Amino acid sequence: MEPMITSKVLLATLIPMVTAALVMATGRTPNLRESISFVGAVLTFIAVMILAPGVLSGGAYALNLITLYPGISVSFYLDPLGLVFAGTASFLWILASIYCIGYMRGLNEHAQTRFYVCYAVSVGAAMGAAFSANLFTLYLFYEIVSIFTYPLVMHHQDKEGYEGARKYIIYLMFTSKAMLLPAMAIIYVLTGTLDFNMSGISGGIFPAEADRMMVIIAYLLCLFGFAKAGIMPLHNWLPDAMVAPTPVSALLHAVVVVKVGVFSICRVMLSLFGINLLDVTGMGMFTAYVVSFTIITASIIALTQTNLKARLAYSTVSQLSYIVLGVAMLTPHAVTGGLLHIANHAFAKITLFFCAGCIFVASGKKDISEMGGLGWRMPVTMAAFALASLSMIGVPPVSGFVSKWYLALGAMDIGSIFLLAVLLISSLLNAGYFVPITFKAFFGTPLATDTGSGSLERQPLVLLMVVPLLITGIISVLIGIWPDLFLNTIKLMVGS
Amino acid sequence: MEQYLIFNQLNYPIISVVLLLPLIGAVLGLLFKSDKAQLWWGLGVTVATALASLPLYTRFDRTTALYQFVEVRHWLPALGLDYAVGVDGISVLLVLLTTLVMPLCVLCSWSYIKERMREFIFVLLVIETAMIGVFVSLNTLLFFLFWEAMLIPMYLMIAIWGGPRKDYASIKYFLYTFAGSIFFLVAIIALYVQTGSFFIPELMTHSFSFSFQIWIFLGCALAFAVKVPMFPLHTWLPAAHVEAPTAGSVILASIMLKLGGYGFLRFCLPMAPEATWYFMPWLIALSLVSIIVGGYLALGQSDIKKLIAYSSVGHMGFVTLGIFLLNDQGLKGAMLQMINHGVTTGALFILIGIIYERTHSREMSVNRALGAMMPVYVLFLGIFSLSSFGFPGTNSFVSEFLVLLAAFSKYPLVGALAIVGAILAAAYMLRLLQSMVWADSDGHGHHDDGDDHGHGAGHGHLLKDLNAREIGTLSFLTIFVFWIGFYPAPLLEVMDVSVTQLIDQIGNGLPPGGDDNLHQALTGWGNKMTGLFTPLRP
């Protein structure tokens, strides 16, 4: 079906950029500044949603903005995969923008205008990546995300902040220059274009006579070049990026940034190489083994972390690889499961990070060992935390179960006991590092220094944080019980 | 003669106007006494020249590879020295680059130059005429005349208005360039002896014997390789850049280095095509070395100006790499890279001049943590730094990517090595940005003063952000960063036909050896070298 040409596909990218400009202009009046940020988030979500009905009824939207060189252009295209990512990210931005107010004011953070500006631009660039119609556009927005999240990571401007941010930018810039740039050049040389093949997930854009060796090199460069996806061994930037304020870790390092990486890999696998080519060259299974290693190793490292955010970071590394694993298995069930996990993981992980930030603001605690008995003083927060961790483990009826179910179906489709075992073992490991946190919070003994009693959730600023995390926690359950919304969207793409 | 030319499509001699305006302006400018009047005069003349040159772009015929806006007058028939000027798709953009950058050179000298203003404006305007002259000359002697005419004023600019080591730098600049141009002069004379003509379009289509081509190529290439500069002839550049005043650095980086690239395209490729194919592997190798060594040395600099100077070596390496890949994308990429380097590196030198005026230092350790004090400055620094390392959406990305495409389509290994340069560029520019924009991790960091400033480092709050003149200068260049970054088509269109014609001229490979002794002796080496690359063909 021919896509409908409309400039509406630009809105989701433009609105956050305009929001950033307005936030900068109104930096002197915090209330106005934060209202603009919130309104911008709502409008961005609406801009995505007005296109949703068309995509859900099997259509697509496109716009070729400008052509740089034959086959290289800045073009936008919205298909089901883009819709899932853009819809999830823009919806969560609304909640995150409320949460930010509580967090940033609660801690009296400095340079808040810079924070909100970079935050909005990063989300806008992620929208651009979701709407990309070709590898150049994707690369463009991918790089903008890298640059504008850099000031957010080093927000505190202390030693840790600088070091984390330096590592962050070195990993991301090195991989994109060293791998994505040659990958684009090779792909263009082989095909004469960088445009995605949006008509299906099997064909790809490579002509049959293309040199197999070069195709494989280009694929590997893409797989590891999108280092935002945190595939080992290029995952190390992510735990260090946790020095950022928690709203950054929550929206950007659980949803936007890392999902841009994973989304890019999925997009490249499905729309650039196509599952036929990945199958023939054996790259599908190769990828599956690489990410299986990441899933298990990152989970084991997560077990050893005592800082809550660090544990969540390694959990993110591991969960992101589920998404890539699903696509790498190349069967309809598995691809569905993988893509579904983009949304499912987003809702659950942002809840967990929101909780971590809320705990820090309300009680000043960062380390899991200090959280004994905290559940009784922050019942809503810890309840949401418990729900979201069930999703991570993959317990029904929370959403994580649905994606893992499809992944397991996919593993059985290809008859791989190994991958099935990876899924099971990793779920056990997930349980191993999430259950103790909830358990400790409700049944652990408080530290001797914890003298206070009573709820910590009643202060107005904390409440601004509790409400968003409660909403995301509940949605995590709802999309587990009624997964059809995302499932049907993805099935339009996978076609099963 | 007519077969090479389209005579002037305008009813006035536009090239002479553009060429002579600055020269006349320079002479008349000597009448003004006050410094301010000098500056305004200089600005007026350069802007007038820029405006006068615009029809070269708007009225340029994009469908022909012939020379346009041509004027031919016999000047010294005894010597064969004609006044023959004209532009084609290869030179027209460089002429425009020159005329558009020169007003910025006046603007960035506004408060930088404190002494001998009259002489300064005079020298600046003479340089402009000489540079335009090189690009528009259709006569080898005239070309050489302008080429040499550039040397003295540039020498004076470094020697009079330069920094502490100006004597060393200016002499080094002079000796390197002069040594190169002697060989070039020999090549010109040899060409004349062989053909009896100084007329460039005629020489371009003449076919010479292989051994003659080899010598011509070497003579010309030496002069141009010094100018570009190509490793290992690059050492004059950092010295000259560091000591030159801002305007001098901008002229050097934005325009003079391009003369080298232009020379390769105008002389070496069309006049000695077989020799070009023969030397191609060597020049590709040298370009790669320039890219990597330039980037590597830039990484180690603490003097900001030196860092940008070494980055120029790397960026110009992309130009020569693109030229000697000898295909459509490579040549277009190289030409675009020349324009882009002119815009971006020019702007970076202006930015360094601005900060030098305020802190009187070019050290990274002094000029740091400027983010809170000079947000507008930092914004421009960010834009041009990103542009410098080829961030997508900026001008340099397009040109570097075209060169990479050319490399990967011919020799993937060459592409892979050029990528190393791209990585190094990102590394040193991000290091520069990190240190200039944010405070280092030595204490003055996180304060919760509840507002959005408060990260002033060692300078207190004394540093003033940009004034309107500086913002205007940089904004003008910013337009080109994004214009070329997103919509390079108009520029590519201008060069398209000329590049195609050039590729036709140089053919597609080293022809099998003839009865030429030298040829046979050399092809042995040549084949060995090319043999190294052959298995890498996709």
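Where a number appears in this text, it was derived from the coordinates with a stated rule and is not lab data. All figures in this text were calculated on a predicted structure; none of them were measured in a lab. Cβ coordinates were reconstructed from backbone atoms using ideal geometry, including for glycine residues, and neighbour counts include every protein chain displayed.
Per the listing B:130, B:159, B:179, the residue uniquely aliphatic (A, V, I, L, M), in a helix (DSSP H, G or I) and surrounded by fewer than 17 Cβ atoms within 10 Å (Cβ to Cβ) is B:179. With the requirement that a residue be touching a helix residue (DSSP H, G or I) at 6+ places or on another chain (Cβ under 6 Å), more than 25 Å from residue B:404 (Cβ to Cβ) and surrounded by fewer than 22 Cβ atoms within 10 Å (Cβ to Cβ), what does region A:62-78 give you? The one that is touching a helix residue (DSSP H, G or I) at 6+ places or on another chain (Cβ under 6 Å), more than 25 Å from residue B:404 (Cβ to Cβ) and surrounded by fewer than 22 Cβ atoms within 10 Å (Cβ to Cβ): A:63.
So that you can scan it fast, the table gives a plain yes or no per residue for (1) surrounded by fewer than 23 Cβ atoms within 10 Å (Cβ to Cβ); (2) in contact (Cβ under 8 Å) with a residue 12 or more places away in the chain; (3) under 19 Å from residue B:347 (Cβ atoms):
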site	(1), (2), (3)
B:93	no, yes, yes
B:115	yes, yes, no
B:118	yes, yes, no
B:121	no, yes, no
B:136	no, yes, no
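All conditions in (1) within 10 Å of another protein chain (Cβ to nearest Cβ); (2) among the charged types (D, E, K, R); (3) closer than 21 Å to residue A:286 by Cα hold for residue A:166, with the sole exception of (3). Listed here are the helices (runs of 4 or more DSSP H) enclosed by region A:260-371 that have at least 1 residues being touching a Ser or Thr at 6+ places or on another chain (Cβ under 7 Å) and under 30 Å from residue A:441 (Cα atoms): A:283-304, A:308-329, A:332-363. Cβ-Cβ under 7 Å, sequence separation 6+ or interchain: first residue in region B:180-198 and of a type outside the set (Ser, Thr, Tyr), partner not in a helix (DSSP H, G or I). Which pairs? Short answer, once both residue conditions are applied: B:194/B:208; B:198/B:80; B:198/B:81; B:198/B:139. A single entry from B:64, B:99 fulfils the requirement of being surrounded by 24 or more Cβ atoms within 10 Å (Cβ to Cβ) and either hydroxyl-bearing (Ser, Thr, Tyr) or in a helix (DSSP H, G or I) (or both): B:99. If I filter region A:53-61 for residues that are without any contact (Cβ under 8 Å) to a residue 24 or more places away in the chain, among the small types (Gly, Ala, Ser) and either part of a loop (DSSP other than H, G, I, E, B) or surrounded by 15 or more Cβ atoms within 10 Å (Cβ to Cβ) (or both), do I get at least one hit? Yes, region A:53-61 contains at least one residue that is without any contact (Cβ under 8 Å) to a residue 24 or more places away in the chain, among the small types (Gly, Ala, Ser) and either part of a loop (DSSP other than H, G, I, E, B) or surrounded by 15 or more Cβ atoms within 10 Å (Cβ to Cβ) (or both).
Taking the criterion of being assigned to a loop (DSSP other than H, G, I, E, B) and buried (at least 17 other Cβ atoms within 10 Å of the Cβ), the only residue of region A:470-496 that qualifies is A:483. Across region A:122-152, the qualifying residues are those that are under 17 Å from residue A:242 (Cα atoms), away from chain B (no Cβ under 11 Å) and touching a Lys or Arg at 6+ places or on another chain (Cβ under 9 Å), and the one among them that is surrounded by the most Cβ atoms within 10 Å (Cβ to Cβ) is A:152.
Please go through region B:203-254 and pick out each residue that is under 21 Å from residue B:344 (Cβ atoms) and of a type in the set (D, E, K, R). Of everything in region B:203-254, just one residue is under 21 Å from residue B:344 (Cβ atoms) and of a type in the set (D, E, K, R), namely B:227. Among the residues making up region A:89-116, a single one is surrounded by fewer than 24 Cβ atoms within 10 Å (Cβ to Cβ), over 27 Å from residue A:364 (Cβ atoms) and not aromatic (Phe, Trp, Tyr): A:94.
This table checks each residue for (1) touching a strand residue (DSSP E or B) at 6+ places or on another chain (Cβ under 9 Å); (2) free of Cβ contacts under 8 Å to residues at least 40 places away in the same chain.
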residue: B:60; (1), (2): yes, no
residue: B:73; (1), (2): yes, yes
residue: B:88; (1), (2): yes, no
residue: B:103; (1), (2): no, no
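Looking across region B:479-495, the residues that are within 12 Å of chain A (Cβ to nearest Cβ), part of a helix (DSSP H, G or I) and either among the aliphatic types (A, V, I, L, M) or surrounded by 14 or more Cβ atoms within 10 Å (Cβ to Cβ) (or both) come down to B:482, B:483, B:484, B:485, B:486, B:489, B:491, B:492.
The set of residues in region A:136-170 being touching an Asp or Glu at 6+ places or on another chain (Cβ under 8 Å) and farther than 24 Å from residue A:21 by Cα consists of A:162, A:163, A:164, A:167, A:168.
When B:362, B:368 are checked against the criterion of being surrounded by 18 or more Cβ atoms within 10 Å (Cβ to Cβ) and touching a strand residue (DSSP E or B) at 6+ places or on another chain (Cβ under 7 Å), B:362 stands alone in meeting it. Could you list, in sequence order, all residues of region B:8-32 that are among the polar types (S, T, N, Q) and either touching a residue at least 12 places away in the same chain (Cβ under 8 Å) or crowded, with 19+ Cβ neighbours inside 10 Å (or both)? Within region B:8-32, B:8, B:9, B:16 qualify. Looking at region A:179-224, which of the residues that are farther than 20 Å from residue A:263 by Cα and among the charged types (D, E, K, R) is nearest to the other protein chains (Cβ to nearest Cβ)? Taking the candidates together, the pick is A:211.
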